[in-house]
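Take a look at the structure below.
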Amino acid sequence: MLLLGADEAGKGPVVGSMFVAGLVIEEDRLFDLAGWGVRDSKMLSPAKRESLARKIRAIASDQYILEVRPQMIDELRAVMTMNEIMVRSFSQVLSRLHADLAILDAADVDALRFAERVKAASNTEMVVRAEHKADQHHAVVSAASILAKVSRDASMRKLEAALNCKIGSGYPHDQITLDFLSRWVRENRDLPGCARHSWATAQRIKASFI
């Protein structure tokens, strides 16, 4: 039996892309994931996530990681809700993969509704289930969460290297991120392209300097 796990990293940050990862494995590979200590990416150190990601990719029957850039998020938010963006993103991942059962980390308060909407949008024949905290309860979703988080972290490191400055995690609660945005707006009179301009945090910082 082929299992598909899907999860996102970077839904909430004010800086950087969101990544949605889909991972397909044979059901008997769950033993490998358990043996390696695969769990929700938030419970693992960056070094452990990197190590596990290499092992996970090696046993994957298939995988697909979607990057949704800040500009795309801003453009989509002008015409749809964030919940609808999540449905669209997860459905794009599922449409690229095939398995017998897909388990999603629900990105909606109504997990059943999220599963139904993603299944309809992806036009898949797979059985699709969504659960809250699926990344804590299903190893295949935990593994997908690791791939998504590793992709997000690598993207942020690349962004810092390109801009030659510290950006931090990209989340609104991170003072390094807030300092980066404030300094950028003060010097350039606008938000950087890597920021989500539609986020309230970004709008507040821009308004304080312009």
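Just so you know, all these numbers are worked out from the coordinates, no wet-lab data involved. What you see is a predicted model, and the numbers here were worked out from it, not measured in a lab. With ideal geometry, Cβ positions are generated from the backbone for all residues, glycine too; neighbour counts draw on all protein chains shown.
Specify the residue that is surrounded by the fewest Cβ atoms within 10 Å (Cβ to Cβ); the eligible residues are those in the range 166-202 that are touching a helix residue (DSSP H, G or I) at 6+ places or on another chain (Cβ under 6 Å), assigned to a loop (DSSP other than H, G, I, E, B) and of a type in the set (Lys, Arg).
Ranking the candidates gives Lys166 first.
Any chance you could count how many residues in the range 104-126 are among the charged types (D, E, K, R) and surrounded by fewer than 16 Cβ atoms within 10 Å (Cβ to Cβ)? Give the derivation first.
Taking the range 104-126 and keeping what is among the charged types (D, E, K, R), we get 105, 108, 110, 113, 116-117, 119, 125.
Next, from what is left, pick out any that are surrounded by fewer than 16 Cβ atoms within 10 Å (Cβ to Cβ): 110, 113, 116, 125.
Here the count works out to 4.
Does any residue in the range 157-181 that is free of Cβ contacts under 8 Å to residues at least 12 places away in the same chain and under 16 Å from Ile205 (Cβ atoms) come within less than 8 Å, Cβ to Cβ, of a residue that is buried (at least 18 other Cβ atoms within 10 Å of the Cβ) and of a type in the set (Val, Ile, Thr) six or more places away or on a different chain, and which pairs are these?
Ile176/Ile167
Give the residue, chosen from Ala21, Ala53, that is among the hydrophobic types (A, V, I, L, M, F, W, C), farther than 30 Å from Gln203 by Cα and within 17 Å of the chain's Cα centre (by Cα).
Of the residues listed, the single one that is among the hydrophobic types (A, V, I, L, M, F, W, C), farther than 30 Å from Gln203 by Cα and within 17 Å of the chain's Cα centre (by Cα) is Ala53.
Collect the residues in the range 92-125 that are within 17 Å of Asp40 (Cβ to Cβ) and outside any helix (DSSP H, G or I), keeping them in residue-number order.
Result: Ile103, Leu104, Asp105, Ala106, Ala107.
Every residue in the range 100-126 that is aliphatic (A, V, I, L, M) and more than 16 Å from the chain's Cα centre (by Cα), please. Let's see the steps before the verdict.
Our first condition is that a residue be aliphatic (A, V, I, L, M); within the range 100-126, this holds for 101-104, 106-107, 109, 111-112, 115, 118, 120-121, 126.
Within the range 100-126, Leu101, Ala102, Val109, Ala111, Leu112, Ala115, Ala120, Ala121, Met126 meet the criteria.
Mind listing just one residue for me: the one in the range 127-138 that is crowded, with 21+ Cβ neighbours inside 10 Å and under 17 Å from Asp100 (Cα atoms) and, of those, farthest from the chain's Cα centre (by Cα)?
Among residues in the range 127-138 that are crowded, with 21+ Cβ neighbours inside 10 Å and under 17 Å from Asp100 (Cα atoms), the one farthest from the chain's Cα centre (by Cα) is Val128.
Right, Val150: surrounded by 17 or more Cβ atoms within 10 Å (Cβ to Cβ) and farther than 23 Å from Arg49 by Cα or not? Write out each step before concluding.
Numbers: surrounded by 17 or more Cβ atoms within 10 Å (Cβ to Cβ): yes; farther than 23 Å from Arg49 by Cα: no.
No.
As an exercise: evaluate Val128 against (1) of a type outside the set (D, E, K, R); (2) under 22 Å from Ala111 (Cα atoms); (3) touching a helix residue (DSSP H, G or I) at 6+ places or on another chain (Cβ under 7 Å); (4) in a helix (DSSP H, G or I) and give the number of the one condition it does not meet.
The failed condition is (4).
Scan the range 97-113 and tell me whether some residue there is without any contact (Cβ under 8 Å) to a residue 40 or more places away in the chain, more than 23 Å from Gly16 (Cα to Cα) and touching a strand residue (DSSP E or B) at 6+ places or on another chain (Cβ under 6 Å). Lay out the reasoning, then the answer.
As a first pass, look at the range 97-113 and keep what is without any contact (Cβ under 8 Å) to a residue 40 or more places away in the chain: 106, 108-113.
Filter again for more than 23 Å from Gly16 (Cα to Cα), leaving 109-113.
Next cut, touching a strand residue (DSSP E or B) at 6+ places or on another chain (Cβ under 6 Å) only: 111.
Scanning the range 97-113 turns up at least one residue that is without any contact (Cβ under 8 Å) to a residue 40 or more places away in the chain, more than 23 Å from Gly16 (Cα to Cα) and touching a strand residue (DSSP E or B) at 6+ places or on another chain (Cβ under 6 Å).
In the range 21-79, which residues are without any contact (Cβ under 8 Å) to a residue 12 or more places away in the chain and small (Gly, Ala, Ser)?
Gly35, Ser45, Ala47, Ser51, Ala58
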